[in-house]
Amino acid sequence: MKSVCFTGHRDVKITRELKNRLMATLEMLIRTGCTDFYAGGAVGWDMLCEAAVLALRKKYPGIKLHLILPCSCSEQTKAWKDEQKLLLALIRVFADEEEYVSDHYYNGCMKLRNERLVLYADCCVCYCNKKSPSGTGQTVRMAINKGIEIFNMAEFTAPLP
């Protein structure tokens with residue numbers, strides 16, 4: 001495995017335990033050869049993962065963060081809070097690459113972004129609550145159909161190895 005995509009809900013309750021579990025999972029993946037991390041720039045899980053990759057670059061300078069954005073940032077962030085817009089702007093500064101699925105928002109651009117994330121990935125690190133239908137669930141199903149390994153942080157109950 002060389003590449004990882006992220007997908008998750010916007011309203012994830014971010015706890016210290018979840019952050020630690022995410023960091024441990026990412027470090028394990030890096031130690032097994034993962035160098036490229038693909039994220040969609042959304043509020044919540046995506047931003048947590050993007051920040052984690054950027055923090056891990058201090059210890060693992062060879063890893064790269066690739067942003068696959070659904071549309072222009074001004075359209076993507078139109079309904080966001082100011083601090084969320086600022087966080088995405090900071091992440092964009094430190095990301096290694098940005099790719100835009102479309103220059104404007106349209107009804108299918110989020111799905112196309114999710115397809116692109118899975119296309120590039122050898123595995124998927126997600127936070128998916130199977131009880132709620134969503135773009136996250138759709139992306140995880142795409143990853144399952146592709147046959148790549150999935151690490152669902154919403155399902156872990158035992159400590160990581």
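Among the conditions (1) among the acidic types (Asp, Glu); (2) without any contact (Cβ under 8 Å) to a residue 40 or more places away in the chain; (3) farther than 20 Å from Arg10 by Cβ, the only one that Glu75 does not satisfy is (3).
Okay, residues lined up against (1) over 28 Å from Lys111 (Cβ atoms); (2) out of contact with any Lys or Arg (no Cβ under 7 Å at 6 or more places or on another chain); (3) not aromatic (Phe, Trp, Tyr):
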{"position": "Asp11", "(1), (2), (3)": "no, yes, yes"}
{"position": "Ile14", "(1), (2), (3)": "no, yes, yes"}
{"position": "Leu18", "(1), (2), (3)": "no, yes, yes"}
{"position": "Ala24", "(1), (2), (3)": "yes, yes, yes"}
{"position": "Thr32", "(1), (2), (3)": "yes, yes, yes"}
{"position": "Thr35", "(1), (2), (3)": "no, no, yes"}
{"position": "Gly44", "(1), (2), (3)": "no, no, yes"}
{"position": "Cys49", "(1), (2), (3)": "no, yes, yes"}
{"position": "Leu56", "(1), (2), (3)": "yes, yes, yes"}
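Of the residues making up segment 15-48, those that are open to solvent by 10 Å² or more (accessible area, probe 1.4 Å), farther than 17 Å from Leu87 by Cβ and not basic (Lys, Arg) number 14. Residues of segment 12-43 that are in contact (Cβ under 8 Å) with a residue 60 or more places away in the chain and closer than 22 Å to Glu99 by Cα: Cys34, Asp36, Tyr38, Ala39, Gly40. Here's a check for you: in segment 79-119, which residue that is of a type in the set (Val, Ile, Thr) and without any contact (Cβ under 8 Å) to a residue 40 or more places away in the chain is surrounded by the fewest Cβ atoms within 10 Å (Cβ to Cβ)? Here the answer is Val93.
The values are calculated or read from the model by the stated rules, or taken from the named source; none is laboratory data. Quick caveat: nothing in here was measured; it's all calculated off a predicted structure. For neighbour counting, all protein chains shown are included, and Cβ atoms are generated from backbone atoms with ideal geometry for every residue, glycine included. Note: accessible area is taken over every heavy atom of the protein model, side chains too, but ligands, DNA and RNA are not part of it. Shrake-Rupley method; radii C 1.70, N 1.55, O 1.52, S 1.80 Å.
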